[in-house]
Amino acid sequence: MQVERVGVVGAGQMGNGIAHVLALAEYDVLMTDISADALTAALALIDKNMTRQVSKGAISEAQKATALGRIKTTQTLSDLGQTDLVIEAATERETIKQAIFEDLLPHLKPTTILTSNTSSISITRLASRTDRPEKFMGFHFMNPVPIMQLVELIRGIATDDETFSACYEVVERIGKTAAAAEDFPAFIVNRILMPMINEAIYTLYEGVGSVRSIDTSLKLGANHPMGPLELADFIGLDTCLAIMNVLHEGLADTKYRPCPLLTKYVEAGWLGRKTKRGFYDYRGETPVPTR
């Protein structure tokens with residue numbers, strides 16, 4: 001099963017990064033989004049990020065030009081029907097993802113592999129709503145995609161060996177490392193990472209430490225490159241809450257109960273960097289803790 005043409009659904013933070021690394025690995029990429037502005041912004045960001053790679057000597061000017069030429073965009077989802085592999089990178093809501101796959105199905109080649117970049121939703125359940133559960137799996141990139149080296153590959157209960165091997169080869173060709181994960185809530189990375197972030201928020205909620213002291217403690221005391229609250233803002237507090245809810249509901253264990261303070265921030269619309277406020281306020285020159 002040879003993959004050469006890849007469709008990417010969603011031109012947001014994850015989608016544009018996925019298109020970026022695929023194009024540099026000489027895949028032909030067709031990126032779709034319902035918003036023309038989002039597609040335009042994604043191409044501009046990919047250009048900017050590749051320019052940064054050129055300035056660091058990671059890629060050449062010629063590689064950049066060739067890669068950018070490999071990325072095409074469309075607002076018509078059905079245009080992805082002739083691709084060999086589809087990577088869905090839309091909003092982390094199961095109903096949205098199901099609707100996308102449902103709309104895609106009538107237009108797909110019989111051999112097209114369907115994958116989701118979901119960080120926590122059941123692959124088996126998503127696959128069961130399609131006509132090809134054996135050719136469906138989780139393809140979870142880390143953010144930011146061009147920098148982070150890991151890709152989680154998650155098999156649903158029906159995923160066949162040929163599909164897994166084809167996706168594994170894609171990961172190798174883009175120069176990243178694959179980690180095989182079983183289809184349990186939040187898989188490997190977020191199963192471990194999100195409860196740590198949630199516990200940091202509880203530590204703030206209970207007054208054990210301030211935003212700055214909690215982040216400083218983990219950076220200097222555990223050698224983390226970024227504090228857990230700073231990281232939560234980077235990921236998006238709505239995404240953190242969604243993953244904690246998946247863990248709590250899927251595993252039925254109270255240790256995964258989302259911190260009420262996390263819920264409050266999300267209800268306030270303070271979602272982190274993307275809304276300029278979260279555990280830090282990003283509206284000034286330097287981030288300032290909000291608690």
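This table checks each residue for (1) touching a strand residue (DSSP E or B) at 6+ places or on another chain (Cβ under 9 Å); (2) among the acidic types (D, E); (3) not assigned by TED's automatic domain parsing to the domain that holds H248.
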{"residue": "A158", "(1), (2), (3)": "yes, no, yes"}
{"residue": "T163", "(1), (2), (3)": "yes, no, yes"}
{"residue": "E169", "(1), (2), (3)": "no, yes, yes"}
{"residue": "I174", "(1), (2), (3)": "yes, no, yes"}
{"residue": "P195", "(1), (2), (3)": "no, no, no"}
{"residue": "N198", "(1), (2), (3)": "no, no, no"}
{"residue": "I201", "(1), (2), (3)": "no, no, no"}
### Query
In segment 3-20, which residue that is surrounded by 24 or more Cβ atoms within 10 Å (Cβ to Cβ) and out of contact with any strand residue (DSSP E or B) (no Cβ under 6 Å at 6 or more places or on another chain) is farthest from S60 (Cα to Cα)?
G10
### Task
Could you check segment 220-272 for helices (runs of 4 or more DSSP H) lying wholly inside it with 3 or more residues that are touching a Phe, Trp or Tyr at 6+ places or on another chain (Cβ under 6 Å)?
237-251
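If I ask for residues that are touching a helix residue (DSSP H, G or I) at 6+ places or on another chain (Cβ under 9 Å) and either modelled with pLDDT of 95 or more or basic (K, R) (or both), which ones from segment 91-101 would you list? Write out each step before concluding.
Of the residues in segment 91-101, the ones touching a helix residue (DSSP H, G or I) at 6+ places or on another chain (Cβ under 9 Å) are 91-94, 97-98, 100-101.
Correct list: R93, K97, Q98, I100, F101.
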### Task
Would you please list the contacts, defined by Cβ atoms under 8 Å and residues six or more apart or on different chains, that run from a residue in segment 49-63 that is without any contact (Cβ under 8 Å) to a residue 24 or more places away in the chain to a residue that is loosely packed, with under 12 Cβ neighbours inside 10 Å and of a type outside the set (A, V, I, L, M, F, W, C)?
V54/S60; V54/E61
#### Entry: Which listed residue is in contact with a Gly (Cβ under 6 Å, 6 or more places away or on another chain), buried (at least 18 other Cβ atoms within 10 Å of the Cβ) and more than 22 Å from L251 (Cα to Cα), from A89, A166, A127, A67
A89
### Task
Name the single residue, out of those in segment 235-280 being of a type in the set (V, I, T) and surrounded by 15 or more Cβ atoms within 10 Å (Cβ to Cβ), that is nearest to M148 (Cα to Cα).
I235
### Summary
Counted residues in segment 273-289 being out of contact with any helix residue (DSSP H, G or I) (no Cβ under 6 Å at 6 or more places or on another chain), assigned to a loop (DSSP other than H, G, I, E, B) and closer than 22 Å to A242 by Cα come to 1
### Message
So T118 passes all but one of these: (1) outside any strand (DSSP E or B); (2) in contact with an Asp or Glu (Cβ under 7 Å, 6 or more places away or on another chain); (3) touching a residue at least 40 places away in the same chain (Cβ under 8 Å). Which condition number does it fail?
### Response
(3)
### Summary
Over segment 167-219, the set of residues assigned to a helix (DSSP H, G or I), under 30 Å from I154 (Cβ atoms) and among the small types (G, A, S) is A200
### Task
For residues that are without any contact (Cβ under 8 Å) to a residue 24 or more places away in the chain and over 27 Å from the mean Cα position of the chain (by Cα), scanning just segment 194-216, find the one that is farthest from K255 (Cα to Cα).
S213
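How many residues does segment 114-125 hold that are over 13 Å from F187 (Cβ atoms) and not β-branched (V, I, T)? Talk me through it step by step, then tell me what you get.
Filtering segment 114-125 for residues over 13 Å from F187 (Cβ atoms) gives 114-115, 125.
Of the ones still in play, those that are also not β-branched (V, I, T) are 114, 125.
Number satisfying all stated conditions: 2.
The values are calculated or read from the model by the stated rules, or taken from the named source; none is laboratory data. Just so it is clear, the model here is predicted, and its values are computed rather than measured. Every residue, glycine among them, receives a Cβ derived from its backbone with ideal geometry; neighbour counts consider all protein chains shown.
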